[in-house]
Amino acid sequence: MSPSDSGPADTPTVEPEAGRAELRRAAFLKAAREVFLEHGYEAANMAEIVRRAGGSLSTLYAQFGGKKGLFEAMIDARVSEITTQMQLELAAHAPLREGLTRIGEDFLFRQVQPENLNFFRLMVAQAKKFPEMAEAWSRRAQEAVRRALAGYLEDRVAAGEIRIANAEQAASIYFDLLRSRMQFRTLLMPSYVPTEQEVREQVERAVKVFIGGIESLN
């Protein structure tokens, strides 16, 4: 094999500095999530986040600009995780019932995980003292997730599979059907952990009710 057949010029290279920056960012976000959940927004200490993640305070501030920016970046990272399945179903132009079922199961399984429940409790507990934090959560998380599902629903409307006058409103209704009693029960009763079967049955009911009734709102 001659030098022209292979070699460094033929191999894609990864920028080491960019890769390290992404790893450091992920470590900061993971540590921030832990510290915010343990201590709340006000008492969360940036130095403690750095201690857990490694790196330096100057790097943390350079990447996020401060506690508020770090908190918002943490929300955005969670939104990216939550909406992944919705983007997959949209890209695949998945049939409505199948797509909603997979989206619903992924969403609800995430919602009843202990860490997500604790994060929701944190939002409620500190909303009065830090309304900007609650507003950021609503704007950057709830609205973004709703828009992601609305995008999939609009794709199904364009395919002629269903008639929906307002896709974002329909997305809100579907999420309400999903969460329903299960999320409230898990929030109020930490000892209650729904089984996979319970989650799947809840999603199945939500899909049936949604598909059977959403067109009547047009």
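Quick notes on this structure:
- Test: residue in segment 91-100 that is crowded, with 19+ Cβ neighbours inside 10 Å, under 16 Å from the mean Cα position of the chain (by Cα) and closer than 27 Å to Arg200 by Cα: no
- Only one of Phe184, Phe130 that is modelled with pLDDT under 90, of a type outside the set (S, T, N, Q), within 22 Å of Ala206 (Cα to Cα) and assigned by TED's automatic domain parsing to the domain that holds Glu198: Phe184
- The number of residues in segment 160-195 being within 21 Å of Thr83 (Cα to Cα), of a type outside the set (Val, Ile, Thr) and part of a loop (DSSP other than H, G, I, E, B) comes to 1.
- Screening the candidates Leu23, Leu29, Leu88, Leu70 for the property of being part of a helix (DSSP H, G or I), modelled with pLDDT of 95 or more and not acidic (Asp, Glu) yields one hit, Leu88.
- In segment 147-161, of all residues being of a type in the set (A, V, I, L, M) and loosely packed, with under 15 Cβ neighbours inside 10 Å, the one that is farthest from Ala92 (Cα to Cα) corresponds to Ala158.
- Residues that are over 14 Å from Lys208 (Cα atoms), in contact (Cβ under 8 Å) with a residue 12 or more places away in the chain and either among the hydrophobic types (A, V, I, L, M, F, W, C) or touching a strand residue (DSSP E or B) at 6+ places or on another chain (Cβ under 8 Å) (or both), drawn from segment 148-169: Ala148, Leu149, Ala150, Leu153, Ala159, Ile164, Ala165, Ala167
The values are calculated or read from the model by the stated rules, or taken from the named source; none is laboratory data. Keep in mind it's a predicted model, so treat the numbers as computed, not measured. Neighbour counts run over all protein chains shown; Cβ positions are idealised from the backbone, glycine included.
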